[in-house]
Structure formats: structure tokens, C-alpha cells
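The values are calculated or read from the model by the stated rules, or taken from the named source; none is laboratory data. What you are looking at is a predicted structure, and each value in this text was computed from that prediction instead of being measured. Cβ coordinates were reconstructed from backbone atoms using ideal geometry, including for glycine residues, and neighbour counts include every protein chain displayed.
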Amino acid sequence: MSRPLDRRSFLKAGALVGLTPFVPRTLIADALSEKAALPAVTANPQVAIVKGTDYNKATVKALELLGGMRHFVTRNATVGLLINSRYDKPGTFVKPEIALAVLKMCLDAGAAKIYTIEGVSQSYWSRSDLSGKFKEEIKSIQGGNDQFAEVEIPKGVSLKKTEITRAYLDCDVLINLPIVKDHEGIRTTGSLKNVMGATSYSTNRYFHLGSGASGYYDDVQWLSQCIVDANLLRKPTLCVMDATEFIVTNGPFGPGKIMKGQKVIAGADPVAVDAVGARMLGLNPRDVVKIRLAHEQGLGQMQTEGMRIEEAEV
């Protein structure tokens, strides 16, 4: 049975659809290609996995295994954080402790400006006991530009253009903070899927219904391809995935059965990070359509057996 998409951003985005001008892909091609081509840390592990019950410390350790935040955030950079914080059921959102660790490390690396790409409420930060300790860091976060630009995707297969927030396009450093969890349509969420948090209401509807499907999850192939096409727009500089406590049933909204993986997974390759996350759900990455398509279109590596993976505990 299909059900309506439960996204706070839908209403805000829907109000802006049709009000923002078309922005030809050529006007921002140079800037986006430069951002999309930010080099991965080739001398260090491709994926870092850190296990521990202190999720803040686990995040810090994961980034240290990748060479430290300064490998990703240069001094005076503008950093956009795409945090999956939109739901409030246990196991459906990124733990604030993880986002706070990333925020603090970005500031320590010398970021000039940090903003959230998708709206993050104060109540989200309050879900963590660390919100008081990181009060000043939280205050430093700015809201992203929630105006949308319609941008062409020349290599898109199903999605030829998208309405996406300018905050996603404008930041120097894009840090994707997804959660791995069950998804009744495409089997699992993750880094690739999280990009939908930056797109408009009308684009989201097209992802689900653009093929003529009658329900939001009736055409998994189409939805998966649209997700991959949107990821062609730019590559995240870094992905930090929450695999600490997540639902393995009734996703993505919950409530559902909780698995306590107690792991933070980080890397510059969104496909690799998603593949590792899929394994945690007991899935072969090749059987997750969006992961397979992303691999086939050159967005990253899905064979976990051939990855450089370094693991640690805190």
C-alpha cells in the first residue's frame, strides 16, 4: 500500500515551486565540476568503520582514520551539512552526537561558514545530552538558502533536470550525513537517497510518480534511477553514515524494530558507504537497485570485498 511522503520540507518547497528561475546547467558547470571533483584521500582507507557506544567519539575516530577533517575542509571554506534529521521515531534519524562531532571538526578545521542544507530544528539538537556542551557550535550554524534552482543533468537517464536548493549547489564542501535503515520501497536509505532532502516537492514527486506509477513505491527501478541521476549533479566531499541504532522494519518512517549496530561509517565514496550500510542490513549491495545503478554509472565502488576498509573501536 502506498502512503504519502512525510517530509516537512515538502510544504516549504512546494510554496517555492514555480517561483525560482531556471538556471542553465552551463552557468554553474565549472563551479560544480570543480566541487564534484574534490579528490578523495587516496593514501588512507576508503571506508572507516568505528564501533562504540559513544557515538560522538566514534565519529571523531572515523574521521581520524580517513586522515582528519582537514583533508576535506580547507580553511575559510563554506560547508553545507545535509543531515537526515526529518523524522523523530527511534532509529529513523541521524544521532545528533554524530552531527555535532562533524560540526565541531569542521570549525576546528577553519571553516568560515557552516549551514544546514535541509532545515534542522532546534529540537533535533536537543535530543542529545551534548547539546549544552556544544551550545556555541550549534549557534554558529546558519540556515541554508532554501530557494531552488532548476538545473539540467545532461547525463541523467530518467531525471534530466532537477529543482534543488541553492545551498546544495553553493557550498564549497558538501558533507552528507545519512542514516542506514530499512526502506519499504528501495530496501535501504543511505548517502545516495539522502540527496532527495535537497530537492523540491515537485522533483520528489517526479522521483516517485514520473514513470506513471500510481503509488510512491510502485516503480523501484524508476525511483532508484532518479536518485542516481540526482547524484550525478555533484559528489559529496564526505559521507558520515549513522549505523548506530536504526530500524530494520517499517522504514523509512518507523516506528520499527531497532538494530543496534553501534557503528559510524565514513568515506568519500557515497556508493561504498551505502554498500557497507547495505551489508549491515543483511543485503547484497548488488541487489539494492540504486547502489548497483550508481556503481554502473561510475559514482563509486559497490564491491565491499575490494574496498580499503579500516575498522576500530572506541
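Worth pointing out:
- Filter result (in a loop (DSSP other than H, G, I, E, B) and either touching a residue at least 60 places away in the same chain (Cβ under 8 Å) or closer than 12 Å to Asp242 by Cα (or both)) within segment 99-115: Ala111
- Residue tally, condition in contact with a Gly (Cβ under 7 Å, 6 or more places away or on another chain), within 27 Å of Lys257 (Cα to Cα) and crowded, with 22+ Cβ neighbours inside 10 Å, over segment 86-135: 3
- Picking from residues in segment 182-195 that are under 14 Å from Leu81 (Cα atoms) and in contact with a helix residue (DSSP H, G or I) (Cβ under 6 Å, 6 or more places away or on another chain), the one that is surrounded by the most Cβ atoms within 10 Å (Cβ to Cβ) is Ser191.
- If you go through segment 52-66 and keep only what is of a type outside the set (Phe, Trp, Tyr) and crowded, with 17+ Cβ neighbours inside 10 Å, you end up with Gly52, Asn56, Ala58, Thr59, Val60, Lys61, Ala62, Leu63, Leu65, Leu66.
- From the options Gly277, Gly212, Gly298, Gly254, residue that is crowded, with 19+ Cβ neighbours inside 10 Å and at positive phi: Gly254
- Residue, nearest to Leu103 (Cα to Cα), within segment 136-150, restricted to residues that are part of a loop (DSSP other than H, G, I, E, B) and at pLDDT 90 or above: Ile141
- Residue tally, condition surrounded by fewer than 24 Cβ atoms within 10 Å (Cβ to Cβ), of a type in the set (Ser, Thr, Tyr) and closer than 24 Å to Val94 by Cα, over segment 196-209: 2
- Set side by side, the residues Asn56, Asn76 differ, and just one is in a loop (DSSP other than H, G, I, E, B) and either over 16 Å from the mean Cα position of the chain (by Cα) or modelled with pLDDT under 95 (or both), which is Asn76.
- Residue among Ile83, Ile138 that is more than 30 Å from Thr249 (Cα to Cα), surrounded by 15 or more Cβ atoms within 10 Å (Cβ to Cβ) and of a type in the set (Val, Ile, Thr): Ile138
- Which numbered condition Asp287 misses (of (1) surrounded by fewer than 16 Cβ atoms within 10 Å (Cβ to Cβ); (2) free of Cβ contacts under 8 Å to residues at least 60 places away in the same chain): (2)
Conditions (1) more than 17 Å from the chain's Cα centre (by Cα); (2) free of Cβ contacts under 8 Å to residues at least 60 places away in the same chain, marked per residue:
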| site | (1), (2) |
| --- | --- |
| Gly156 | yes, no |
| Ala167 | no, no |
| Leu174 | no, no |
| Ile179 | no, no |
| His208 | yes, no |
| Gly215 | yes, no |
| Asp219 | yes, yes |
| Ala230 | no, no |
| Leu233 | no, no |
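- In segment 165-181, the condition of being surrounded by fewer than 21 Cβ atoms within 10 Å (Cβ to Cβ) and assigned to a strand (DSSP E or B) is met by no residue.
- Residues that are part of a loop (DSSP other than H, G, I, E, B), out of contact with any Lys or Arg (no Cβ under 6 Å at 6 or more places or on another chain), of a type in the set (Gly, Ala, Ser) and without any contact (Cβ under 8 Å) to a residue 60 or more places away in the chain do occur in segment 84-98.
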